[in-house]
């Protein structure tokens, strides 16, 4: 990867790569799950803990990397007492399908032998070849470095994914030796041993599904495949105007009759309610969108709640803690942070509302801001039901505006406004006749009217 990060920590559609095989194991109710980690173990373990919790995965360290069989040998002590089928997966194979693993585990349970995934790559160079006997039974896997010319001509290769009785692995792993060109302990050596003892069954899979990610180009290609899969799932009941430009991460939920525009990114645990419309270029992260809400183009929302039938955007920014009630409106270039905007309330133009509680059917005029930070602490603004806040108003927190109160345009509110009252703080307006002409004469030496005299 040519990166300072471990390969399995590279992001793939909102998840670290290693999360995909582990969460597949969880979906199949594998227990316990053991992750064998070496390079950047601490960072990888922290990432797994952040996603799965402290009890999700047992981590063991492989201090020296001496091959796949050596990794499994390191893992076996953590599986002491475990019974049933052992499933072997890899942290850099994120495209593996649940259907393939279900078939693999079922084959191992049905036969009581070893089951492995095989595939047919466009070019088998570098892969371990599947060797079969005259009856078509798998007898061995031969690594490319150790294969003969005839064996290298075989197109079927080993994907490295296994399932079999854990007792078989316990017996076979200690007997594997490092007698090969690489001087490593190959897990593939157990295939020949299984062929003469418990038997081997092959489960075929599409090459793309079992391909590992080894560089950044393959990372991007893998994400494109995952994105296509996720989008296809939601297109059964939602409209994606341009699926090729739409990013929907795996944990997102999209309701029926939703319409999603071009260039939209739905990330994290975002939820889109039934009948909602998401306009072009919107980016929603960990955001709940209520039924029949409309999020207009180029809105950005993070950890926000958008109520049913609410209207947001275009060009709105909802920061963490923004909470819009049913039917609320947030419009052009309006920013909300840790603010509750009550049902039916509107902030349609050029406003900043931070650390505020705003009641029902409140009107927030253009250019209004809540001054919530004094350089040391953040304090709250409360605007009660039915209040009207005029344009270009500054509300200096902590402050409360009572129900149905009116704040005149251009006012700086520094004290509570009683319910039903008018708050106004302006310098009295005066008009000075002839000012423009005097100003022009001062700077040009000519009276403005003289310069324009006679022009038609």
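Rounded to 0.05, the FRET efficiency of the residue 153 and residue 404 pair, given R0 = 60 Å and the Cβ-Cβ distance, is 0.10.
Computed over every Cα-Cα pair of segment 302-456 and binned at 5 Å starting from 0, the pair-distance distribution P(r) comes out as 2, 10, 16, 20, 13, 9, 5, 4, 6, 6, 5, 4, 1, 0 percent.
Highest mean packing comes first when the peptides 2-11, 94-103 are listed by Cβ atoms within 10 Å, giving 94-103, 2-11. Relative to the 2.2 N^0.38 Å rule of thumb, segment 335-410 has a C-alpha radius of gyration ratio of 0.96.
I'm checking a number: the convex hull volume of the Cα atoms of segment 7-210, normalised per residue, in Å³. What is it? Walk me through the numbers before you get to the answer.
On the way: hull volume 25.1 nm³, N = 204.
It is 123 Å³ per residue.
Normalised by the number of residues in the chain, the mean separation of alpha-carbon contacts (under 8 Å, six or more apart) gives a relative contact order of 7 percent.
Each of residue 123 and residue 432 was given a label point 7 Å from its Cα along the Cα-to-Cβ line. The distance between the two points is 8.1 nm.
Assuming R0 = 45 Å, what is the FRET efficiency of residue 135 and residue 3, from their Cβ-Cβ distance, to the nearest 0.05? All intermediate terms of the calculation are to be shown ahead of the outcome.
Numbers: r = 46 Å, r/R0 = 1.03.
That gives a FRET efficiency of 0.45.
Based on DSSP H segments of at least four residues, each scored -39500 (n - 2.57), the chain has a per-residue ellipticity at 222 nm of -6000 deg cm²/dmol.
Please work out the ratio of the alpha-carbon Rg of the chain to 2.2 N^0.38 Å and round it to two decimals.
Dividing the Cα Rg of the chain by 2.2 N^0.38 Å gives 1.44.
For the pair residue 170 and residue 257, the difference between a 0.36 nm per residue extended length and the Cα-Cα distance amounts to 26.1 nm.
When peptides 117-129, 350-362 are ranked by their average number of other Cβ atoms within 10 Å per residue, the highest-first order is 350-362, 117-129. Per-residue extension of 0.36 nm, minus the Cα-Cα distance of residue 102 and residue 221, leaves a gain of 40.4 nm for this segment. One equal scatterer on each Cα of segment 216-423, no solvent, Debye formula: the resulting log10 I(q)/I(0) at q = 0.13 Å⁻¹ is -0.69.
Among 161, 173, the ranking by other beta carbons within 10 Å of each residue's beta carbon, starting with the fewest, stands as 173, 161. With each label modelled as a point 7 angstrom along the Cα→C-beta vector, the residue 376-residue 441 pair spans 5.3 nm.
Our compactness index for segment 120-215, the C-alpha radius of gyration over the empirical 2.2 N^0.38 Å, is 1.08. Residue exposure proxy: 166, 389, 382, ordered by other Cβ atoms within 10 angstrom of their Cβ from fewest to most, comes out as 166, 382, 389.
For the listed peptides 18-28, 421-431, 272-282, 201-211, a ranking on the average number of other beta carbons within 10 Å per residue, highest first, reads 272-282, 18-28, 201-211, 421-431.
Quick note: the coordinates plus some simple rules give every number you see, no bench work behind them. None of the values given here were measured: they were computed from a predicted structure. Positions of Cβ are generated from backbone atoms using ideal geometry, with glycine treated the same way; all protein chains shown enter the neighbour counts.
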